[in-house]
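Enquirer: Handing you this structure, nothing more for now.
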Amino acid sequence: MASSRDDFVIAVRSAFLKKSNKQQFSLLALILFSIFLIFLSNLNYVGIKYIKIGVNEATYRLSSMVSYPEKKINDSLRFLSEYFNVYKENQNLKNQIDKLNSKKLNYIFLENENKKLKELIGENIYNSEGIISKVLIGKEGKYLKSIILNKGSRDGITKGMVVLEKNYLIGQIIEVNYTTSRAILISDLNSNIPVVLEPGSFQSILSGTGKDYGKIKYSKNKLILDEKTIVYTSGSGGNFRAGLPIGKINNNLETFAVEFFSDLSQITYVIIQSIEGQKE
């Protein structure tokens, strides 16, 4: 034991003598400070104990203060990263929902168009042939009512052909172009159609009013008409074949007013037929 301690002292002395004065001082201070720390660690005095606790507490608090900003920065960066990831996912989901909604609206539109065509064809295919046409635009003045159709002379359309919506008369072709045509509606003020009123087979004239209904005029008989009275074309004058349904009496609108079976403001497709009901 004594030999080891002597060897240690010799080694320290040898290392100490090899250093410069400045290095010797620094080495000596380090050795003394180390001995002092070892001495303090072995003391159990209350004062020394509190000093050690205070030093440790200060060290812990300093460490915590140094690491706290770093932790907050890391937490903030992680939050921002998660936020932008969630935002990006939400945007992708929103875009997908918008696309699905757009497709849904297109599907609904096509489904409604298909339904209208089926109704139009289904109710006429067994009666007579006709030319299916789409309404391009409605031309309306205060009393003038007409529609532009996407069929013209190249499709076999001629002036005077009748225009039907389902089985109901709604107008007559008055102007023909190569790819389009114009039809006057039965609501037009210039429209006057020979009709027959059933039951009773009373002959009369249905005139347009410029509104969404017509009116019975020029009847030779004093008639008592109610909501059970149906108005058909009579075939007189040769402009329309007999038996085309038009509407029914609705005295709530005005006396002898005719409520049309077709809503003339909502027509999208029509069937165009010759006066005899056969495609030319």
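Enquirer: In segment 223-242, what residues are at pLDDT 85 or above and buried (at least 19 other Cβ atoms within 10 Å of the Cβ)?
Expert: Thr229, Val231, Tyr232, Thr233, Ser234, Phe240 - these are the residues of segment 223-242 that are at pLDDT 85 or above and buried (at least 19 other Cβ atoms within 10 Å of the Cβ).
Enquirer: Give the number of residues within segment 190-204 that are closer than 17 Å to Val162 by Cα and either touching a Ser or Thr at 6+ places or on another chain (Cβ under 7 Å) or surrounded by 15 or more Cβ atoms within 10 Å (Cβ to Cβ) (or both).
Expert: So in segment 190-204, the residues closer than 17 Å to Val162 by Cα come out as 190-195.
With either touching a Ser or Thr at 6+ places or on another chain (Cβ under 7 Å) or surrounded by 15 or more Cβ atoms within 10 Å (Cβ to Cβ) (or both) added as a condition, the list becomes 191-195.
Count: 5.
Enquirer: Follow-up question, since we're still on this one. With the structure loaded, tell me whether Ser133 is modelled with pLDDT of 60 or more and among the small types (Gly, Ala, Ser) or whether it fails that test. Full working, then the answer.
Expert: Working: modelled with pLDDT of 60 or more: yes; among the small types (Gly, Ala, Ser): yes.
So Ser133 fits the description; yes.
Enquirer: Would you mind stating whether Ile267 is under 21 Å from Ser181 (Cβ atoms) and touching a helix residue (DSSP H, G or I) at 6+ places or on another chain (Cβ under 8 Å)? Step through it out loud before you land on a result.
Expert: Details: under 21 Å from Ser181 (Cβ atoms): yes; touching a helix residue (DSSP H, G or I) at 6+ places or on another chain (Cβ under 8 Å): no.
Against the criterion (under 21 Å from Ser181 (Cβ atoms) and touching a helix residue (DSSP H, G or I) at 6+ places or on another chain (Cβ under 8 Å)), Ile267 does not qualify.
Enquirer: Can you tell which of Lys217, Lys228, Lys166 is farther than 23 Å from Ser133 by Cα and out of contact with any strand residue (DSSP E or B) (no Cβ under 7 Å at 6 or more places or on another chain)?
Expert: Step by step, each of Lys217, Lys228, Lys166 is checked, and only Lys228 is farther than 23 Å from Ser133 by Cα and out of contact with any strand residue (DSSP E or B) (no Cβ under 7 Å at 6 or more places or on another chain).
The values are calculated or read from the model by the stated rules, or taken from the named source; none is laboratory data. The model shown is predicted, which means the values in this text are computed figures rather than measured ones. Counting neighbours? That spans all protein chains shown, and the Cβs are built from the backbone with ideal geometry, glycine included.
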